[in-house]
Structures are given as C-alpha cells and as structure tokens.
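Everything on this sheet refers to the single structure shown next.
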Amino acid sequence: MTSKPSIGVEGAVALIDANRLEQFIERIAEITEAGPGVTRLAYSPLERRAHDVFRNRMCELGLTVTVDAAGNSIAELPGVAEGSSDAVGTGSHLDSVPSGGRFDGIAGVAAAVEVARSVVESGLPHRRPWRFVAFAAEEGARFGQACNGSRAASGVATSAGIAGLYDNGGITMAEAMASVGLRPDRIDTAAWASEDWHGFIELHVEQGNVLETSRTPIGIVDVISGSSRVMVELVGTASHTGATPMHLRRDALVAAAECVLLCEQIAQNSQHRGTRITVGKLDVEPSSITTIPGRVIFSVDVRDIDGDRQRTTARDLLSRFQVIAKERDVDIDIQIIGDTSPAILPTRLVDLIAAQARAHGVPYRIMPSGASHDTQQISKVTSAGMIFVPSQGGLSHVPDEWTSYQELALGTQVLLRALYALDLA
Amino acid sequence: MNAVVRRSATAIDAALSPGALASGAFVQNPEFWKQELANDIAAALPLQAAAHRSDGWVTRPAILRRVATLMGASIPATADRIIAFGDAAQILGTAVALETGIPFCVANPRAATEAEFLQTGTLHAGERVAVVSVHLDAPDLLESLAGHDVVVVVWRALISRPADATMLAADSRIAAEFSDAGMVAAAHEGGDAA
Ligand SMILES: [Zn+2]
C-alpha cells in the first residue's frame, strides 16, 4: 500500500477531487425511500445499504473494514510506526431524517472516503493507523435519541439503556437493530478504548448560515451545544367557544402560547447569548374551530454552550410554566425527555486545524456547533475536533440542503492536512 | 391546578441527580458535574499544557462561571473578603466575588515592597479572608497575610500539583478542587502531546 513513492501530504491533498466527492454523495443519495429529498432512517435496511457502499469502497482501496454490534462501520489503514496502535480517525454518519438532504453526515463520510483514497493512491506514509468511520443511527428523528452509534462507541449506550427507545410505529430500537443483523444485546462491545485512539476529526456541513453570510469556507468548532428537553402537557376544559364566556374558560392553548412567548423572551435577554430555546412541536386537542382547546402538549428544547446556564434556564422555565398554569387554572404535567451537556472541544485540536487552514490561506471561523454531532460522544473517548463546510442558505434536514462540491473538497483538503498533522503530533 | 414534573426513564445521560425532580429538575449529579468541569478545563488548556496557563478557560464564561460556583461553595459565610493572587488573579477574584457577593482584593505575594502588595482593592487588619488561586504556588503567602493582621479562614486553589502535597497536608485550611494528575487524566490520552 505504501510501496509507491511518497510525494508528501501535499501530494495526497492534490488528489482530493470534487467530482469523486460528488459521485459518492450522489450514490448514497439514491439509497432512499420514495418521496421528497432523502429518507434513510436510523437502523433501517436502507441505512445498512449505505454502509455496504462505504464498506465496499473501502475494501476496494485495500482497507480492513469491521462492523460493530451497534452498526458502526470502521475501516482501518495501518500505520508504519512500530507499536503505534493509537489511531487518527475521521468520519460521520450515513442515516438521515425523514425527507432530509444528501449532505448531513454523508459529507463527512464522503470526505473520509476521499481522504482514504488520496492517502492510498499517493502512498502517503503515516505513523499511526488511520481509521475511517461511518457511524450508525446519528439522527434522533426515528427513536428520539441522537448519536446512537457514537454513544455505543463512547461506551455510554447499554442494552438496558436502549430498551425504552422506540419509533412511532412502536418498533423498539433493539428490534430495528436486530432486524438489520446488528446485536443490540452486545452493544457494550462497540465501546472504543481511549488507548486505541490518538484523536478524531469529523467534517460536517454547518447546517446554519454563519459561514455563508461571512463568506468563510471553513468553520472550526470549539464547543458543541448541549440540550435539555421537556414535554409539557397542559389540561384545561374543552367546551363550546360560543357558549363559554371568556372569564369562565380554562383554555390550554392560551396558557401554552404564554409559555412559548416566555421561551423566546428568556432566550433573547442579555444573559442568554448562546442559548437557543425552541418549541418545535405543539399538539392541540380537540383541534376544532368551535371548541376551546382542552389539552395541549408541546416540546421545549433548550440548547446552550454553557451547561449550567442550560439547566438553570430549563429549571427556570419549568417553574414559570407552573406559575402560568396556576394563573390560568390549567393542570400541568412536565416530562423531562432529554439532557445532554455541551462538550468543549480541545484547544489543541482547534489550534491544529486552524494552523493548517492558515498555512494554506484558507479563511476560517472558530464557532460553536448548535447541533449535536457524533464528535460530542467521541470526545469522551479521545481528543476530538470538527470542521464545518458551508450550507447554502443555512438549510439542513430538508431536501434543499446543499453544499458546493468545491467547498466540500476544500474542507476535505483541510481535513487531510489536519489528520496528517495529528498523525505526527 | 395540578403540577407534576416527571423524568423519562430513558434518553438521559446518567447526569441528573435522582430524586431531584420535585424541587430541582435538571440538577446534575455533583460528581458528574465536577468531572465535566475538569474535562472542559483540560480541553481548554492552551497548547503549552505544561505551563498551566489559564487563558484557555478563564476567557470562556461557560467554564469560568462553573469554576466560580465550585470555589464559591467552599468559601465560608464568615469570610469578610476574598483575596485572589497568582495566575489570572484579577479574573478569578472577580468571578468568585460575583458568585458569592463578597468583596475582593488582588494581592501579589511576590511584590518587592509592601506598597505593591495589593494590586486591586483594600485589605484591613482584623478581616477574615478567603484566599482563592488557580495554583498553590506561593508558599509564603500565609506568612505575609499574617503580617497584615488578617485571619485566613480558607485557601482554595483550583488545581494542585504533586509538589503541593506537603503544603496541603500541613494546613487544613488549604485545599484544591482538582489535582494535577486528575486534570491530565481528564484531558484524555493525547492531550499531553503537541
Ligand atoms: Zn449530522
């Protein structure tokens, strides 16, 4: 594999090809359910087919590919240094949300494949093993919990812990995993050991519009937001809209509306720069023009780069929701459905990636990630960094999600240089 | 009106304190909280990790706030004043003062003259003072404070080094939130390189 003459890392960088990145992404995008955009849900047969494409591509390049109990596909390229088993890694995920785009996750896997190809074809010698990872089931859309493959890799996931996860059709995550040949009962065997890793860098599309609006091709992530999530149920009295005077109503929707506005108000005050609060789901019953809403269920997602502030804010919201409910005489039931801390990514990796960008005149921004990513989990195992490439119009999780292949190629070049620098570090 | 706060059995990292729902939903398990803080401080250390420069974390409010919370909790109610010294003393003193509401001053134990001892604020004879610092690298500090006729009620450092063991053992008022070894462990493998 390394028998060809080496022309250094820039020789490998020169082989990064926007057309090949496009071909891989188009190939994966074909693997979808019918309908708009891309639908390739977590632990579905389609997701496994995408993993097969990844595996075949890596096998063609001569890499050894393994699939763990949680469905993560890991391709390894051995290093030349004797006794160096702590690997340098890169990768992302291959699943999508319903009617999502073709870049979220796939861009990072395409970059990993392209890095592997250019390293193999240029014969670039590297000291440590390089591992290329396609994580399974990153999107939380199907089972309510995100980063399932990387949670297993970080050792957080247990068979008992995943037992309560199920999709809208009542299929448990364990059943879905088993039905595509994975081993939910052995999910703990997917855990990575820190000593096997030297560092990990994920490339991902930004999914926001900071890079595009600042005309910057590269984002380097220094912190990944955490989130605290609740479902709030408000129960008042459903009754006739004409016959019930205003002062005798127990309108659950009006109370919910007050809660929603409170969320926005808190997130916008000067103590919450970096906090993002969203009510993204709100169901009204009986949902009739002529009946006062008797019951409302809504979600609240508090995201923050400051874990303490995130939880204080969530706590504050819950107690103020209770005050609103009391004032409006509706019953309130709050269920905490998720809580994840933000992860500060090591300065060492941020600086290492920034140095590569600077050295080649690539403008960059240091930025937080509002979305969660596999790297957040992997940072529990090893030093982890993230490179963002621009999302056109800031769109993501929609069919129109787009990143130019030239920009993806530029990001992949920075990724390769950073991995090489990490290999030497 | 009925108000209920429940916690879903799944989908939550083992981070929240059990049984904390009624009074304080979203209260993290204290050990978990402290470990995350150690991880974040270690992650934010600048490249010259061995130099223990604090710039990496004192400039991030998300970390500084938690450090102030942690150190503020160890300052007894009897303290009249906080004295900060050493690495990032101005920042640490400000943060812990904001957290606790206790006035502070910044001292330089290595000052050549008495007039230069206080860099910010004042200090008066008879005051009960709580010392805060990132490290414990001023062995004569207690002596010079005794010279000012103040009573040191506690000295909290953020990170102790192996060399501080004697000092920590000798005086029960002195304590550190994290040990150097613990911070390095928290920095993950590889955190020592580059
Ligand atoms: Zn993604």
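The values are calculated or read from the model by the stated rules, or taken from the named source; none is laboratory data. Nothing here was measured: the structure is a model prediction, and the numbers come from that model. Ideal geometry is used to build each Cβ from the backbone, glycine not excepted, and the neighbour counts take in all protein chains shown. Heads up: the accessible areas ignore ligands, DNA and RNA and are worked out on the full protein's heavy atoms, side chains in. Shrake-Rupley method; radii C 1.70, N 1.55, O 1.52, S 1.80 Å.
One table, with the values for the structure above:
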{"item": "Residue count, the range A:359-387 (criterion: in a strand (DSSP E or B), within 16 Å of the ligand (Cβ to nearest atom) and open to solvent by 20 Å² or more (accessible area, probe 1.4 Å))", "result": "1"}
{"item": "Pair list, Cβ < 7 Å and 6+ apart or interchain, from the range A:360-380 residues that are under 13 Å from A:Ser225 (Cα atoms) and in the same structural domain as A:Thr90 (by TED's automatic domain parsing) to residues that are of a type in the set (Asp, Glu) and within 15 Å of the ligand (Cβ to nearest atom)", "result": "A:His373/A:Glu202; A:Asp374/A:Glu138; A:Asp374/A:Glu202; A:Thr375/A:Glu202"}
{"item": "Unique residue being touching a Phe, Trp or Tyr at 6+ places or on another chain (Cβ under 8 Å), buried (at least 20 other Cβ atoms within 10 Å of the Cβ) and either under 19 Å from A:Leu349 (Cβ atoms) or of a type in the set (Ser, Thr, Tyr) (or both) when the list is A:Val88, A:Val119, A:Val113", "result": "A:Val88"}
{"item": "Subset of the range A:334-347 that is in contact (Cβ under 8 Å) with a residue 60 or more places away in the chain and not aliphatic (A, V, I, L, M) - its residue that is nearest to the ligand (Cβ to nearest atom)", "result": "A:Thr340"}
{"item": "Odd one out for A:Val230 among (1) of a type outside the set (S, T, N, Q); (2) open to solvent by less than 70 Å² (accessible area, probe 1.4 Å); (3) at pLDDT 95 or above", "result": "(3)"}
{"item": "Qualifying residue in the range A:388-395 (condition: within 15 Å of the ligand (Cβ to nearest atom), surrounded by fewer than 24 Cβ atoms within 10 Å (Cβ to Cβ) and not in a loop (DSSP other than H, G, I, E, B))", "result": "yes"}
{"item": "Extreme residue, modelled with the lowest pLDDT, among residues of the range B:46-79 that are farther than 16 Å from B:Ile91 by Cα and within 11 Å of another protein chain (Cβ to nearest Cβ)", "result": "B:Ala49"}
{"item": "Scan of the range A:172-210 for residues that are within 16 Å of the ligand (Cβ to nearest atom) and either away from chain B (no Cβ under 14 Å) or farther than 30 Å from A:Gln413 by Cβ (or both), ordered by number", "result": "A:Glu202, A:Leu203, A:His204, A:Val205, A:Glu206, A:Gln207, A:Gly208"}
{"item": "Selection within the range A:318-350 - facing chain B (nearest Cβ under 8 Å) and in a helix (DSSP H, G or I)", "result": "A:Leu318, A:Gln322, A:Ala325, A:Lys326, A:Thr347, A:Arg348"}
{"item": "Residue in the range A:403-410 that is at pLDDT 95 or above, within 16 Å of the ligand (Cβ to nearest atom) and more than 30 Å from A:Ser299 (Cβ to Cβ) present", "result": "yes"}
{"item": "Residue that is farthest from A:Leu424 (Cα to Cα), among those in the range A:351-381 that are of a type in the set (D, E, K, R) and within 14 Å of another protein chain (Cβ to nearest Cβ)", "result": "A:Lys380"}
{"item": "Test: residue in the range B:86-102 that is facing chain A (nearest Cβ under 9 Å) and either at pLDDT 90 or above or touching a His at 6+ places or on another chain (Cβ under 9 Å) (or both)", "result": "no"}
{"item": "Candidate set: the range A:126-164, residues that are in contact with a Ser or Thr (Cβ under 6 Å, 6 or more places away or on another chain), in contact (Cβ under 8 Å) with a residue 12 or more places away in the chain and part of a loop (DSSP other than H, G, I, E, B); chosen: the one farthest from A:Trp197 (Cα to Cα)", "result": "A:Ala146"}
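So that you can scan it fast, the table gives a plain yes or no per residue for (1) open to solvent by 50 Å² or more (accessible area, probe 1.4 Å); (2) out of contact with any Cys (no Cβ under 6 Å at 6 or more places or on another chain); (3) farther than 28 Å from A:Met367 by Cβ:
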{"site": "A:Cys263", "(1), (2), (3)": "no, yes, no"}
{"site": "A:Ala267", "(1), (2), (3)": "no, yes, no"}
{"site": "A:His272", "(1), (2), (3)": "no, yes, no"}
{"site": "A:Gly280", "(1), (2), (3)": "yes, yes, no"}
{"site": "A:Ile289", "(1), (2), (3)": "yes, yes, yes"}
{"site": "A:Arg295", "(1), (2), (3)": "yes, yes, yes"}
{"site": "A:Gln310", "(1), (2), (3)": "no, yes, no"}
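The rows are residues; the columns are (1) within 14 Å of the ligand (Cβ to nearest atom); (2) within 19 Å of the chain's Cα centre (by Cα); (3) within 14 Å of chain B (Cβ to nearest Cβ).
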{"residue": "A:Gly91", "(1), (2), (3)": "yes, yes, no"}
{"residue": "A:Ala110", "(1), (2), (3)": "yes, yes, no"}
{"residue": "A:Glu114", "(1), (2), (3)": "no, no, no"}
{"residue": "A:His126", "(1), (2), (3)": "no, no, no"}
{"residue": "A:Trp130", "(1), (2), (3)": "no, no, no"}
{"residue": "A:Gly140", "(1), (2), (3)": "yes, yes, yes"}
{"residue": "A:Ala146", "(1), (2), (3)": "yes, yes, yes"}
{"residue": "A:Gly155", "(1), (2), (3)": "no, yes, yes"}
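Yes/no per residue for (1) free of Cβ contacts under 8 Å to residues at least 24 places away in the same chain; (2) surrounded by fewer than 18 Cβ atoms within 10 Å (Cβ to Cβ); (3) among the aromatic types (Phe, Trp, Tyr):
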| residue | (1), (2), (3) |
| --- | --- |
| B:Glu116 | yes, yes, no |
| B:Gly126 | no, yes, no |
| B:Val129 | no, no, no |
| B:Val132 | no, no, no |
| B:Asp140 | no, yes, no |
| B:Glu143 | yes, yes, no |
| B:Ala146 | yes, yes, no |
| B:Val151 | no, yes, no |
| B:Val154 | no, no, no |
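Yes or no, residue by residue, for (1) in the same structural domain as A:Ser404 (by TED's automatic domain parsing); (2) of a type in the set (S, T, N, Q); (3) open to solvent by 30 Å² or more (accessible area, probe 1.4 Å):
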residue: A:Gln23; (1), (2), (3): yes, yes, yes
residue: A:Arg27; (1), (2), (3): yes, no, yes
residue: A:Ala42; (1), (2), (3): yes, no, no
residue: A:Leu46; (1), (2), (3): yes, no, yes
residue: A:His51; (1), (2), (3): yes, no, no
residue: A:Leu61; (1), (2), (3): yes, no, no
residue: A:Thr66; (1), (2), (3): yes, yes, yes
residue: A:Leu77; (1), (2), (3): yes, no, no
